[in-house]
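Here is the structure we will look at, set down as structure tokens.
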Amino acid sequence: MANDICNRAGLDTISAGSVIAFAIELYEKGILTKKDTDGIDLKWGNHQAMVAMTMKLAKREGLGDILADGVKIAAER
């Protein structure tokens, strides 16, 4: 599903996966909270959360807007 979202939005799947993995790491370390993710429980293995965040990334909504610029810029922000 995440692959399909990326393809329809013209996003590189490898880059999208990397930036979402970055967000998951931050979430699991407590740097990001459910408030930051708009209630998405962004944990490893939660495929529904990964698909939801991919949709936010594609639409540049909430945290997805920050992640859409890539890991380096998201980390700086």
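Among the residues of segment 26-40, is there at least one that is at positive phi and modelled with pLDDT of 95 or more?
Of segment 26-40, the ones at positive phi are 30, 38-39.
Still in the running and modelled with pLDDT of 95 or more: 30, 39.
Yes - at least one qualifying residue is present in segment 26-40.
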* Structure fact -> Restricting segment 42-65 to residues that are of a type outside the set (Gly, Ala, Ser) and open to solvent by less than 50 Å² (accessible area, probe 1.4 Å), the one farthest from the chain's Cα centre (by Cα) turns out to be Asn46
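The values are calculated or read from the model by the stated rules, or taken from the named source; none is laboratory data. Small disclaimer: the values here were computed from a predicted structure and weren't measured. Accessible surface is based on the protein model in full, side chains and every heavy atom, while ligands, DNA and RNA are left aside. Shrake-Rupley method; radii C 1.70, N 1.55, O 1.52, S 1.80 Å.
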